[in-house]
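Written out below as structure tokens is the structure these notes cover.
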Amino acid sequence: MHLGIKAKQVGGVSLIVGLAVVMLSLLHVTFVARVLLEESRARGELLANTIFQRAKDVVPGQAEPYAALRADGGLRAILESSAFARNVTYAAICNVDGVAVAAWDPSREGNRLAPAGELDSLIAMRGLQQLLSIYSSGGETLEVRQPLLLGGAKFGTIRIGVSTLLVREEFSGELWLVGATGLVALLIAIVVSASFAQLILRPIHVIRGGLTRLGRGEFGVRLDLPQQDEFGELGSFFNAASAKLSADRSQLAGQKANLQSAVEHMEDEVAIFNPAGELLFANPAMLTTLPPEPLGRPVDDLLTDGHPYRDLVHATIREKQSRGPVSSAIPRATPGGGAGPAEGAERLVMAHAIKDRDQQMLGVMLVARDVQALGRVQSMLNYSRKLVALGRLSAGVAHEVKNPLNAMTIHLELLKQKLLSASGAGRRRPVAEDGGVGIATAGAPRAAGPLPAPVEPEAPRPDLGPALEHVRIIVGEIQRLDQVMQGFLKFTRSEDLKLQAISLSSLIDDVVRVIGPECTSAKVEVITDGLDRVPDISGDPTMLRQAFLNLALNAVQAMPTGGTLRVSAASARGRRVEIRVEDSGVGIKPEHLGRIFDLYFTTRKKGSGIGLSMVYRTVQLHDGEIEVQSTEGHGTTFRISLPQAP
Ligand SMILES: Nc1ncnc2c1ncn2[C@@H]1O[C@H](COP(=O)(O)OP(=O)(O)OP(=O)(O)O)[C@@H](O)[C@H]1O
Ligand SMILES: [Mg+2]
């Protein structure tokens, strides 16, 4: 039988108290028995002495002392009074032969009194023996005796009978009291020890509750125990251990989630089988190859005969050795199987034998890699490398084109000046006045940077007007070419990302401040929502600021008659933040929707078509995603997802 601490404690205390009560009661009972017997003896002796004194007065000088005793009224009265003495059954004076000469009951006179033991011998016994004698079956009569002497010779005996039955009756009354007192003491002991146990064991219950909660996997379990005693110390240890456990658990949970997410997002097919060949785990890529609800089923049920996965799993279990990688063509759809790879698809398959420290097989991990996808990635990498090289080349060309463009602008300006002075109308204005910044003063072509604004030629003299008009057109075209070059350079320049944690709300606040005047004049209301409730994002602040500025400007430009620009954010799966930039503007025509991210695509008169391509490139560089939804006449929503800061 299993006993709790409380039951044991209560039982123990009750047992100790019970034993103590029994011992004390026994002592008390024997003491009471002795007292009762001694009281009886004292009463007997008193009676015997009284009889003796009376006899001493009656007998002297009497020829017939026995007759004198019998005839004495006083003596008779004393003998009869024995009926009223407690526990005394008789009183008599017997002659030396034991015949009653004077008795409490006159009818007994002349008869022999039955012989009886002495009360003194019972009183001399030890406590327990005494009790046993008192309680011996029918009880007995014991006597207190006193000899009567006449002239130095024994002439008779005073005999007082004391009944042990009567003593027993008196004693039983006491016994009830002792029993009741013992019982009450025992009950009090049980109640008190139970309350104490409750009080003492409370911290243990609290600790047990805490451990149960920890066992259930709760985080941050703390115990509130009084600090003064050992339990308080235990509570502090528990709290420290619980905090450490929670920290470890969250770290483990994070790692597990990362691992799970990594395995789930892997393009490789991954499956784990136990040594009996039953499937324990399959990632989503592998599940497409297997029939529905494959977990727990043997590999032979899951894959057709001759399937390379199946053969490899069997061979690995049999030989307890990792195998592969081997290149295999997937034969045909699996029995009742999922979509799976197309027939003939090529996979690089590996089977790892998972063993414990004693080299016992725990299972097999099967990994299958799509060779064609690998090839695709490889060719994309090559393509990207080529693009980068091409980008560098075209950036170099663009850079070189700018220098002759600058030179051409300067020489055109000089040509214009000469034409004007040749015509005599050459009231040369200061350079800064006619907008020809840097032309007269620079002296040499500028290496880069925006070209000067087109020069508005002075009112030409009628004969030079057409020539100056040509100059103006050439300057304007060069200017446009320069702008195209600028945009192209900006786009192809490989940006160095300077990643840092960015607060989205301060980034967007900054953007909103910049577009403030445009919003006011276009009557556009700007609403931001949830920006300060999302975690920081990881990014390059300058590039992201520019990207959101482009999106916001596009939105404002799409609302020429006013509207609402709403920028909101929320946390998304995979430690990402999703930002929405919504406007209630004109929307995008369905046929334009696929082209808006193309470089130089624009529908605006003064647009360059670079804004959204820069946004796209920035989002890509940040390992983010961008999508657009638009309904013509109702508005446009851009959704950008960016990674959270670590
Ligand atoms: N919020 C929007 N609402 C409607 N159309 C839009 C919106 N954003 C972009 N567009 C369309 O996409 C085109 C391309 O935008 P993009 O920002 O790349 O160039 P742009 O705004 O025309 O010129 P810029 O280079 O000066 O930004 C725009 O011309 C416009 O037609
Ligand atoms: Mg734009």
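Bear in mind that the values in this text are calculations on the coordinates, not laboratory data. All values derive from a computational prediction rather than experimental measurement. In this analysis, Cβ positions are derived from the backbone assuming ideal geometry, glycine residues included, and neighbour counts consider all displayed protein chains.
Which residue, S14, H592, A422, has the largest displacement toward the positive end of the dipole of the chain when charges sit on each Cβ (Lys, Arg +1; Asp, Glu -1)?
Toward the positive end, the furthest listed residue is A422.
Counting DSSP beta bridges in segment 500-643, what percent are antiparallel, to the nearest 5? Before the final figure, lay out the partial values.
Values: 26 of 32 bridges.
So the antiparallel bridges amount to about 80 percent of the total.
Rounded to a whole number, what is D in µm²/s for segment 500-643 from Stokes-Einstein with the Kirkwood radius over alpha-carbon pairs (25 °C, 0.890 mPa s)? Mind dumping the intermediate values first?
Values: Rh = 15.2 Å.
It diffuses with D of about 161 µm²/s by this estimate.
Where does each of S423, S236 land when they are ranked from fewest to most other beta-carbon atoms within 10 angstrom? Show your work: numbers first, answer last.
On the way: S423 17, S236 13.
In increasing order of surrounding Cβ atoms, one gets S236, S423.
Where the eigenvalues come from the Cα gyration tensor of segment 161-311, what are the semi-axes √(5λ) of the equivalent ellipsoid, largest first, in whole Å? Intermediate values should be presented prior to the final figure.
Details: eigenvalues 1021, 146, 15 Å².
Largest first, segment 161-311 gives 71, 27, 9 Å.
Using the crude model of +1 on Lys and Arg Cβ and -1 on Asp and Glu Cβ, and no other charge, please compute the dipole size for the chain relative to its Cα centre, in debye to 20.
Numbers: 68 positive and 68 negative charges, 288 e Å.
Charge dipole of the chain: 1380 debye, to the nearest 20.
Skipping prolines and chain starts, which residues have an amide H placed within reach, meaning under 5 Å, of the one on E632, given they are 5 or more residues away or on another chain?
I588
Scan the chain and note any complete DSSP helix (H) whose C-alpha atoms cover at least 18 Å along its axis and whose Kyte-Doolittle average is -1.0 or more. Before the final figure, lay out each step's value.
Details: long enough: 5-58 (78 Å, 0.76); 164-215 (71 Å, 1.14); 230-265 (51 Å, -0.33); 371-422 (75 Å, 0.20); 465-492 (40 Å, 0.22); 504-522 (26 Å, 0.71); 541-557 (23 Å, 0.51).
Helix filter hits for the chain: 5-58, 164-215, 230-265, 371-422, 465-492, 504-522, 541-557.
So how strong a dipole does segment 5-183 carry about its Cα centre when Lys and Arg Cβ are +1 and Asp and Glu Cβ are -1, to the nearest 20 debye? Mind showing how you got there, number by number?
Numbers: 17 positive and 17 negative charges, 103 e Å.
The dipole of segment 5-183 has a size of about 500 debye.
With 25 Å as the limit, write out which pairs from K8/K244; K56/K154; K402/K606 have Cα-Cα distances beyond it, or answer none.
Numbers: K8/K244 35 Å; K56/K154 13 Å; K402/K606 22 Å.
Among K8/K244; K56/K154; K402/K606, the Cα-Cα distance tops 25 Å for K8/K244.
Let a ≥ b ≥ c be the square roots of the eigenvalues of the Cα gyration tensor of segment 570-646; is it rounded (a/c under 1.5), or, if not, prolate (a/b larger than b/c) or oblate? Could the numbers behind the result be given before it?
Details: a/c = 2.77, a/b = 1.56, b/c = 1.78.
The shape class here is oblate.
Name the shape class, rounded, prolate or oblate, that the alpha-carbon gyration tensor gives for the chain, where a ≥ b ≥ c are the square roots of its eigenvalues, rounded holds for a/c under 1.5, and otherwise prolate holds if a/b is larger than b/c and oblate otherwise.
prolate
Name the residue from V270, P284, Q321 whose Cα lies farthest towards the positive end of the charge dipole of segment 266-372, charges +1 on Cβ of Lys and Arg and -1 on Cβ of Asp and Glu.
Selected residue: Q321.
Quick check on the exposure proxy: order M361, M559 from fewest to most C-beta atoms within 10 angstrom.
Details: M361 14, M559 21.
Going from least to most buried by this count: M361, M559.
Give the order of L113, L642, L225 when sorted by the count of other beta carbons within 10 angstrom, beginning with the fewest. Write out the running numbers ahead of the final one.
Details: L113 17, L642 25, L225 21.
So the residues, fewest neighbours to most, are L113, L225, L642.
How far apart, in nanometres, would the label points at A194 and E632 be if each is projected 7 angstrom from Cα along the Cα-to-Cβ direction?
Result for the modelled spin labels: 8.7 nm.
Where the convex hull is taken over the Cα atoms of segment 266-372, what is its projected area averaged over directions, in nm²? All intermediate terms of the calculation are to be shown ahead of the outcome.
Values: hull surface 24.2 nm².
Average projection, Cα convex hull of segment 266-372: 6.1 nm².
P(r) for segment 1-149: what percent of alpha-carbon pairs falls in each 10 Å bin, starting at zero?
10, 30, 23, 14, 9, 6, 5, 3, 0
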